[in-house]
Amino acid sequence: DTEVTQTPKHLVMGMTNKKSLKCEQHMGHRAMYWYKQKAKKPPELMFVYSYEKLSINESVPSRFSPECPNSSLLNLHLHALQPEDSALYLCASSQNLAGAYNEQFFGPGTRLTVL
Amino acid sequence: KQEVTQIPAALSVPEGENLVLNCSFTDSAIYNLQWFRQDPGKGLTSLLLIQSSQREQTSGRLNASLDKSSGRSTLYIAASQPGDSATYLCAVIYNQGGKLIFGQGTELSVKP
């Protein structure tokens with residue numbers, strides 16, 4: 001299994017809702033990432049987990065809350081989002097953070113719309 | 001400031017042409033450089049990763065080169081096909097555990 005899966009594919013939520021995005025990989029990778037991508041722009045890093053510990057938080061607002069319950073799973077909990085948070089949310093994984101093992105593999109993304 | 005630039009922003013070529021996509025970075029002290037393709041509305045597909053100690057990598061019709069001294073990488077696509085149409089992104093990591101810094105991408109269209 002060489003893929004990263006993400007659910008749901010699409011999500012529409014109101015500004016008062018609480019929802020979660022899920023990412024899973026079964027490649028034995030120990031680094032996992034969340035990115036946000038707006039239309040016609042490159043992805044922007046949000047969070048990095050290394051060996052289930054938060055390694056990088058790119059000053060993301062607290063309405064986004066990441067969680068890494070085990071080495072295969074990464075969640076992004078969403079609460080009180082704003083319309084400008086509408087974007088494609090991408091998950092990625094790599095073997096670890098060192099050298100060639102840092103090659104990142106991306107999932108298909110979750111298209112989020114905040115009304 | 002560490003920046004990655006890709007030129008051109010868009011490129012249209014007839015099928016069968018060989019083509020080169022360019023990526024430049026402001027700081028030559030890179031750790032890794034990775035090339036991706038992205039189809040509209042989809043995730044990124046990793047094409048090639050070049051470590052700082054390497055000069056090139058090849059995969060099928062793709063060849064990526066790295067010249068750290070000039071701060072440049074090129075992605076060469078041989079015998080282009082309509083299925084190669086996508087946005088190609090170059091991304092650089094400057095240190096172990098650091099984040100990918102992306103260029104703005106080159107949108108490639110290969111016409112039948």
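Assorted remarks:
- Under 13 Å from a label point set 7 Å out along the Cα-to-Cβ vector of residue A:70, no amide N atom of the range A:78-115 is found.
- Cα-only Debye scattering, the protein assembly as shown: base-10 log of I(q)/I(0) at q = 0.11 Å⁻¹: -0.55
- Spacing of the two label points (7 Å from each Cα toward its C-beta) at residue A:79 and residue A:38, in nm: 2.6 nm
- Within chain A, percent of DSSP bridges classed antiparallel, to nearest 5: 90 percent
- Set against the 2.2 N^0.38 Å expectation for a compact globular protein, chain A has a Cα radius of gyration ratio of 1.00.
- Using the Cβ-Cβ distance between residue A:15 and residue B:2 with R0 set to 30 Å, the FRET efficiency from 1/(1 + (r/R0)^6) comes to roughly 0.30.
- Per DSSP, loop chymotrypsin sites (Phe, Trp or Tyr not before Pro) in the range A:9-115 with at most 14 further Cβ within 10 Å: A:51
- The range A:32-54 and the range B:8-65: distance between their alpha carbon centers, rounded to Å: 20 Å
- Charged neighbours of residue A:12, selected by a Cβ distance under 13 Å, balance to +2 (K, R count +1; D, E count -1).
- 21 Å Cα-Cα threshold exceeded, pairs from A:9/A:40; A:36/B:68; A:9/A:38; B:68/B:99; B:1/B:42: A:36/B:68; B:1/B:42
- Put a plus charge on the Cβ of each Lys and Arg, a minus charge on the Cβ of each Asp and Glu, and nothing anywhere else: the dipole of chain A about its Cα centre is then about 360 debye.
- Gyration tensor (alpha-carbon) shape descriptor, chain B, a/c threshold 1.5: prolate
- Within straight-line cross-link reach of residue A:18, aspartates and glutamates at Cα separation under 19 Å, skipping those fewer than 8 residues along the same chain: A:67, A:84, A:85
- Normalised contact order of chain B, rounded percent, pairs of Cα under 8 Å and 6 or more residues apart: 37 percent
- Take each residue of peptide B:38-46, count the partner chain Cβ atoms within 10 Å of its Cβ, and average: the result is 6.
- In a simple Cβ point-charge model (Lys, Arg +1; Asp, Glu -1; nothing else charged), chain B has a dipole of about 220 debye relative to its Cα centre.
Rule-based calculations on the coordinates, nothing more; no lab input. Everything numeric here is computed off the predicted structure, so don't read it as measured data. When we count neighbours, we look across all protein chains shown, and the Cβ atoms used for this are built from the backbone with ideal geometry, even at glycine.
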